[in-house]
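The values are calculated or read from the model by the stated rules, or taken from the named source; none is laboratory data. All values reported here derive from a predicted model rather than from experimental measurement. Cβ placement follows ideal geometry from the backbone for every residue including glycine, while neighbour counts extend to all protein chains displayed.
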Amino acid sequence: MYTHLNGNIKGADLGNALGDNRPRAAAGGQNILVIGSDSRKGLGDAYGKNLTTMQSDTLMLLHTGGNGKWATVLSFPRDSWVQIPVCDRGNGSPSTPHHFKINEAFAIGGTTGDTAKAAACTIKTVEANTQVRIDHFLIVDFRGFTGMVDALGGVQVCPQQAIHDKKAHLDLKAGCQIVKDDKALGYVRARYSIGDGSDIGRIGRQQEFMQSLADRAKSKLYDPAALYGFLNAATKSLTTDPDLAGIKPLYSLASSVKGIATDRIAFLTVPNYPRQRDVPSDKANVTWQQPAAGQLFTALNHDQETTKAGLEKITARLPVPAGSVRVTVLNGIGTQGAALKVADQLRALGFQIVAAGNAPSLVDKTTLTYPQGQSEQAQALAGHLPGLAPAPSAQAATAAVRLTIGPDMPAITG
């Protein structure tokens, strides 16, 4: 049994696909990126008919605290509008850096069906936008999901209202009930017919389902047939980095979190708001809320526990809309067109560009300054420039926020 289960797990070596320009390791604990692969192979046309690329349906970061007493599970909305860096498409050709939904990274790297390249592009994208270094990754294939649920005899869900979702092939009555097979799959995929129809609502249901699945698995520890069926389905659906590709390392990972009290495992979602607030024409995506998202990523890097209540406190106030922020972009590095390039990127994010030109002289570092009364406007812009802290200036109060590009100009996010 051990040999069989061990042989089910697939390892994917990323080689040097991540490059050398990566964030530093966290001060403690470890970060495991969990990718829900939307492969439909073997499922016929019931879901995702005519898909031609590899898809990433769910993206979460598990941070296990250095002292082994707490853990954070952080979900990334699939509609997050972020910077997609240069990635190997799998055929040796590089992609062009651009902004798009975060789940596109998996499809870009997996253009030729190479799972390792798909994982590499996803990791590069997460690291570029969070500055959190990923230590390990797990890809859970769509096909193994129902097998895990069915082996346990189903999982309990408790929808507050009846669900009728044609796209998810789901009809459920209100109230607590056991679901399995296609109903379980439909429940975690349902989106448009429940709540506000957003991916944010679906994330909450998926997190609740995961907790219910874990509780159900624990209750079957003394049922060998159920437990073996669950492990067989789970291991068949897993692709990991080489260091995790085996029962022993995965057991070690499980052991590191099994003693954590339930109330010390925080299920969080990256703070966000509808991108339409900044770009009125975009009704489909979300922007990460700054500085709250940055503070959350910093906490992970410093191995500091963040609770749901604590996150709610720092997200209570939204930044001012990008459309209300007037920006002057100055080229302080001498490279022709640098200011215009940055101005175009900021304009695409909804900011008002009032001028773009050369700085009076070359500068050693990038600066973001603001006149009296425009601190919030500067903070809104700084939210898209990781590591850049705005500073007050003696400019006239009617002047625009000023971004002077230096050699250390950060990559513009989301």
Picking from 233, 261, 214, the residue that is in the same structural domain as residue 286 (by TED's automatic domain parsing) and surrounded by fewer than 19 Cβ atoms within 10 Å (Cβ to Cβ) would be 261
What are the pairs, 6+ residues apart or on separate chains, where a residue within the range 101-120 that is closer than 11 Å to residue 137 by Cβ has its Cβ under 8 Å from a residue that is of a type in the set (Lys, Arg)?
115/10
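Residues are listed down the side, and each one gets a yes or a no for (1) modelled with pLDDT of 85 or more; (2) assigned to a loop (DSSP other than H, G, I, E, B); (3) under 14 Å from residue 158 (Cβ atoms); (4) under 22 Å from the mean Cα position of the chain (by Cα):
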{"position": "174", "(1), (2), (3), (4)": "yes, yes, yes, no"}
{"position": "178", "(1), (2), (3), (4)": "yes, no, yes, no"}
{"position": "185", "(1), (2), (3), (4)": "no, no, no, yes"}
{"position": "192", "(1), (2), (3), (4)": "no, yes, no, yes"}
{"position": "211", "(1), (2), (3), (4)": "no, no, yes, yes"}
{"position": "217", "(1), (2), (3), (4)": "no, no, no, no"}
{"position": "221", "(1), (2), (3), (4)": "no, yes, no, no"}
{"position": "225", "(1), (2), (3), (4)": "yes, no, no, no"}
{"position": "230", "(1), (2), (3), (4)": "yes, no, no, no"}
Is it true that residue 240 is under 26 Å from residue 129 (Cα atoms), in the same structural domain as residue 135 (by TED's automatic domain parsing), of a type in the set (Val, Ile, Thr) and touching an Asp or Glu at 6+ places or on another chain (Cβ under 7 Å)?
no
What tally of residues in the range 376-402 results from selecting those that are in a helix (DSSP H, G or I) and crowded, with 17+ Cβ neighbours inside 10 Å?
6
Please verify whether residue 111 is assigned to a loop (DSSP other than H, G, I, E, B), of a type in the set (Ser, Thr, Tyr) and buried (at least 18 other Cβ atoms within 10 Å of the Cβ), treating the condition exactly as stated.
yes
So which residues in the range 133-166 are part of a loop (DSSP other than H, G, I, E, B), crowded, with 20+ Cβ neighbours inside 10 Å and out of contact with any strand residue (DSSP E or B) (no Cβ under 6 Å at 6 or more places or on another chain)?
152
Could you check the range 299-346 and list, in sequence order, the residues that are in contact (Cβ under 8 Å) with a residue 40 or more places away in the chain, in a helix (DSSP H, G or I) and under 22 Å from residue 83 (Cα atoms)?
300, 301, 322, 323, 338, 339, 342, 345, 346
Within the range 326-340, can you find the residues that are farther than 19 Å from residue 379 by Cβ and touching a strand residue (DSSP E or B) at 6+ places or on another chain (Cβ under 9 Å)?
330, 331, 332, 333, 334, 335, 337, 338, 339, 340
Can you name the residue in the range 1-24 that is in a loop (DSSP other than H, G, I, E, B) and without any contact (Cβ under 8 Å) to a residue 12 or more places away in the chain and is also surrounded by the fewest Cβ atoms within 10 Å (Cβ to Cβ) among such residues?
20
Looking only at the range 263-284, filter to residues that are without any contact (Cβ under 8 Å) to a residue 12 or more places away in the chain and among the polar types (S, T, N, Q); which one of those is nearest to residue 61 (Cα to Cα)?
276
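Of all residues in the range 271-298 being outside any helix (DSSP H, G or I) and in contact with a Pro (Cβ under 7 Å, 6 or more places away or on another chain), which is farthest from residue 33 (Cα to Cα)?
Out of the qualifying residues, it is 278.
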Of 398, 366, which residue is assigned by TED's automatic domain parsing to the domain that holds residue 356, touching a Gly at 6+ places or on another chain (Cβ under 8 Å) and in contact (Cβ under 8 Å) with a residue 12 or more places away in the chain?
366
